[in-house]
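Each reported figure results from applying straightforward, stated rules to the coordinates on display, with no laboratory input. Keep in mind that what you see is a predicted model, and the values were worked out from it rather than measured. Backbone-built Cβ (ideal geometry, glycine too); neighbour counts: all protein chains shown.
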Amino acid sequence: MDGRVLVLNQNYEPLNVCSWQRAISLVCLGKAIPVEYDSRTIHSPTTHMRLPSVVRLSALVRRPLPELKISRRAILTRDKHTCQYCGKQTRTLTLDHIIPREHGGKDTWENLVACCVRCNNLKGNKTPTEAGMTLRKHAARPRFIPYLSFATFAVAINDEIWRDYLEPFAPHLIAEA
């Protein structure tokens, strides 16, 4: 995560991803403690400092657990930019309602999947069974602590240094990676 720093709460829950400048400010003000370091350093006329990669806040920040918001970006990230009918992996996907809106389908995690244009047109306004299509995997709400957006979390978990801090909050994302 070039130039980005993972911010952990005092109890090691992931809270945010910030710039290295913000992380240095938090450390210098005594509000955060570096936990992991980057290989780079910054220099001033009087000192030099290794850039942190992970910082932990000195005081516990109490935040209400935010609701995991459904969005196009989050659905595509959950489905790893792969059509859930044919398995084609591309960046030009649409969203498909498993149960079409016309049949009472809602905009929920369990009813929306990533779908290529071809499969979306083939399925049309039918259920997968009516269209003779099958889903590659069951659509479900991702399980993780949503202080970070789901898309940010899914990218951040690929960073080797950050993985140890994020894994307890989404072990299923590690298993699929």
I need the peptides 9-19, 106-116 ranked by packing, meaning the mean over residues of other C-beta atoms within 10 angstrom, with the highest value on top.
106-116, 9-19
Can you give me the C-alpha center-to-center distance between region 97-115 and region 17-82, rounded to a whole angstrom?
35
R22 versus E110: modelled label distance in nm, points set 7 Å from Cα along the beta carbon direction:
3.5
What are the ³J(HN,Hα) couplings of region 114-122, residue after residue, when phi is run through the Karplus curve with 6.51, -1.76, 1.60 and θ = phi - 60°? Round to Hz, x for glycine and proline.
6, 8, 6, 4, 4, 5, 4, 5, 5
Among 149-158, 120-129, what's the highest-first ranking by average C-beta atoms within 10 angstrom per residue?
149-158, 120-129
